[in-house]
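> Please find one structure pasted underneath; my questions will follow.
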Amino acid sequence: MLRRLRRRPTGPPPDAKSVNYTPEHVSVSKTIARRRKVIDALWTRIPLIRVILGTIGLLWLLALPYEGLWKGTYVDEHALQPAQVTMYFDWANVHKADQYLDQLERIVNGTFEERTAFLQDTLSASGLSTSNTSSSTYAHILPPRSKGTESILVSANWISRDGGPNLRGIATLLALGDFLRGQNHWAFDFILVIGEGYMHGLEGFMREYHNLFGGVIWTGLNIDYPGHSFSHLGLFYEGVNGRLPNQDIINTVSQVSQYAGGVPPRYHNIPDDIPDSASEWVGKYLLGAKHLLHHFAFMVTGRASAAHGVLARHRIDSLTLYATPATGPHGFHTLGRTLESTLRSMNNLLERLHASYFFYLLPRPWQFIPVGHYLPAAVLLGASLTIGGFDCPLPLEGLRYIIPAFIASGIAWAFDIHPIYLISIPLAVLSRPRGPAKKSARSLMRLLYGALIPTLAMVNFPQAIILAIISLLYLCLPEIPCVPILALAPGVLTRFLIRHAGIDLQKEWMEVGNLTWPGIYAIWLPLWMNAVILLQEN
């Protein structure tokens, strides 16, 4: 396409003997000549430019754990005022939580009907309005000052994120319900939810929420307290489909935990200790890389890092407080005061959280990477791919060869055919282009995915980076190194995740709406099929 533009005739050079000849003609002619020289120079060096852009993008990505790209966290919404209130959660409330725990230990192995009957009796005894859905038990607190139009959700599920029972989390929630009802300074409704299982109980409640209540939920907290005592509070913030809460809620909980509760916060429950075996800057780099890799692991698959993640689909800024099991020194008292102070901050809000960042990376507690510091990595990788698609001699012919892969993938999705059964499709069904048609098809694929990568990076940066790397490997390598890479087909990798990591993306799509599964059919599977038929010839 650019080749045709470059070869477009510019007309005869200005004639000095012409009556219409002016000095402006010479100036324009020189400008056009210089422009053609620049275009010719760039056109002949496109492979080099692509390598430079791709290299800079990868180096930028590797530089993200370097603290020079970080900024200090801060609370942008002044109304929150974290850790600035007098707390009233005391040892009498701790005693009630201990009593609730004793009763929960006796019914933990009971049926859903037995457990929900106990929970409803307990919540009703505290004066709360309570009921249940098919997979959860809930209670509603309507303070005197509340208008009933905005709510805060606090949840605790029967199963912890580590697979064990979350009895102390539920006991804390029950004690909190009894504590909140006796106060009149709250301006929000409170909805307390105890969900069955790890995540599906809370998701089931949210699907039925608007049939039960009329207001909207602005913020939420999920309590995960599986051990006897705890030493730190692990903050898990990734939601389903890579949606992140407003950063103000993470910064608020961090400050409340540190200064009101007296317990240091962690991200993903990773110890924030610099290794002694390395120099300070290397230790900080490795620690930042560890945090970012954990974040990428959740975001790439679109999975929530904890049970709060289902709330992200309903536009609720939330996170999970995970009490790191230890022999001490913290327990019900610390967690209760941390929750109270955090809820007091949320109670100050006059509108939804909006002032702070929604797109960010968190390399360490009290540090973050703003979107403008990490997004160029994806843009550069996408540009490296896009530039390789400019030379497209027969676009319509190339389009005829790449469309069937998208159609085959769409049919497989419509009939619920697993990608593992489509491995033979590119070789047995799809036709293989030759000559200029192959070049055009490859160019169109590069243009398509080169444009998709920066767009996806705004929503889910880790997924965009993985897509960029896969696209560069599929569409830019010659046959010999590309064959073993293409052997890792989408169907093979999804089966590997199920068997060795316990990650069933198809099940998560049906239960919590994880879009990674349909994304495999819409984006990755057609890319793989077209890459197979576009292999370089020997």
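The values are calculated or read from the model by the stated rules, or taken from the named source; none is laboratory data. Since this is a predicted model, take the numbers as computed values, not measurements. Methodologically, a virtual Cβ is constructed for each residue, glycine included, from the backbone with ideal geometry; neighbour enumeration extends over all protein chains shown. Remember, those area values only see protein heavy atoms, side chains included, never the ligands or the DNA or RNA. Shrake-Rupley method; radii C 1.70, N 1.55, O 1.52, S 1.80 Å.
> Determine whether segment 232-248 contains at least one residue that is buried (at least 23 other Cβ atoms within 10 Å of the Cβ), in the same structural domain as residue 341 (by TED's automatic domain parsing) and under 30 Å from residue 125 (Cα atoms).
no
> What pairs can you find where one residue is in segment 398-420 and open to solvent by 80 Å² or more (accessible area, probe 1.4 Å), the other is assigned to a helix (DSSP H, G or I), and their Cβ atoms are less than 6 Å apart, with a gap of 6+ or different chains?
Listed pairs, sorted by first residue: 413/521.
> Check residue 59 against each of (1) more than 30 Å from residue 454 (Cα to Cα); (2) open to solvent by 70 Å² or more (accessible area, probe 1.4 Å) and name the one condition it does not meet.
Here residue 59 clears every test but (1).
> A further question on this structure: Do we find that residue 257 is open to solvent by less than 30 Å² (accessible area, probe 1.4 Å) and more than 28 Å from residue 77 (Cβ to Cβ) in this structure?
Working: open to solvent by less than 30 Å² (accessible area, probe 1.4 Å): yes; more than 28 Å from residue 77 (Cβ to Cβ): no.
For residue 257, the condition - open to solvent by less than 30 Å² (accessible area, probe 1.4 Å) and more than 28 Å from residue 77 (Cβ to Cβ) - is not met.
> Here's a follow-up. Which of the residues that make up segment 280-311 are open to solvent by 60 Å² or more (accessible area, probe 1.4 Å) and free of Cβ contacts under 8 Å to residues at least 40 places away in the same chain? If you could, list the steps in order and put the result at the bottom.
Restricting attention to segment 280-311, the residues satisfying the condition of being open to solvent by 60 Å² or more (accessible area, probe 1.4 Å) are 280-281, 285-286, 290, 293-294, 297, 303.
Answer for segment 280-311, where residues must be open to solvent by 60 Å² or more (accessible area, probe 1.4 Å) and free of Cβ contacts under 8 Å to residues at least 40 places away in the same chain: 280, 290, 293, 294, 297.
> Given (1) more than 26 Å from the chain's Cα centre (by Cα); (2) assigned to a loop (DSSP other than H, G, I, E, B), identify the lone condition not met by residue 426.
Checking residue 426 against (1) more than 26 Å from the chain's Cα centre (by Cα); (2) assigned to a loop (DSSP other than H, G, I, E, B), the one that fails is (2).
> Look through 337, 313 and report the one residue that is among the basic types (Lys, Arg) and more than 27 Å from the chain's Cα centre (by Cα). Walk me through how you get there before you give the answer.
Numbers: 313 fails: more than 27 Å from the chain's Cα centre (by Cα).
On inspection, the qualifying residue turns out to be 337.
For every residue, the table says whether it meets (1) at pLDDT 95 or above; (2) closer than 30 Å to residue 182 by Cα; (3) surrounded by 13 or more Cβ atoms within 10 Å (Cβ to Cβ); (4) basic (Lys, Arg).
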position	(1), (2), (3), (4)
8	no, no, no, yes
14	no, no, yes, no
35	no, no, no, yes
80	no, yes, yes, no
101	yes, yes, yes, no
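> Going through segment 170-210 one residue at a time, which ones are open to solvent by less than 10 Å² (accessible area, probe 1.4 Å) and under 14 Å from residue 120 (Cα atoms)?
Within segment 170-210, 170, 171, 173, 174, 175, 177, 191, 192, 193, 194, 195 qualify.
> So, one more: Go through (1) surrounded by fewer than 21 Cβ atoms within 10 Å (Cβ to Cβ); (2) in a helix (DSSP H, G or I) one by one and return the number of the condition residue 336 breaks.
(1)
> Counting only residues that are open to solvent by 20 Å² or more (accessible area, probe 1.4 Å) and closer than 15 Å to residue 295 by Cα, how many does segment 454-471 have? Talk me through it step by step, then tell me what you get.
Step one: filter segment 454-471 for residues open to solvent by 20 Å² or more (accessible area, probe 1.4 Å), giving 454-456, 458-459, 463, 466, 469-470.
From what is left, the residues that are closer than 15 Å to residue 295 by Cα are 459, 463, 466.
Total meeting the criteria: 3.
> Follow-up. Are any residues in segment 432-443 over 37 Å from the mean Cα position of the chain (by Cα) and open to solvent by less than 70 Å² (accessible area, probe 1.4 Å), and if so, which ones?
Listed by number, the residues that qualify are 433, 435, 437.
> Follow-up. Do the conditions hold for residue 372, that is, is it at negative phi, modelled with pLDDT under 95 and open to solvent by less than 40 Å² (accessible area, probe 1.4 Å)? Can you show your working first?
Values: at negative phi: yes; modelled with pLDDT under 95: yes; open to solvent by less than 40 Å² (accessible area, probe 1.4 Å): no.
No: the conditions fail for residue 372.
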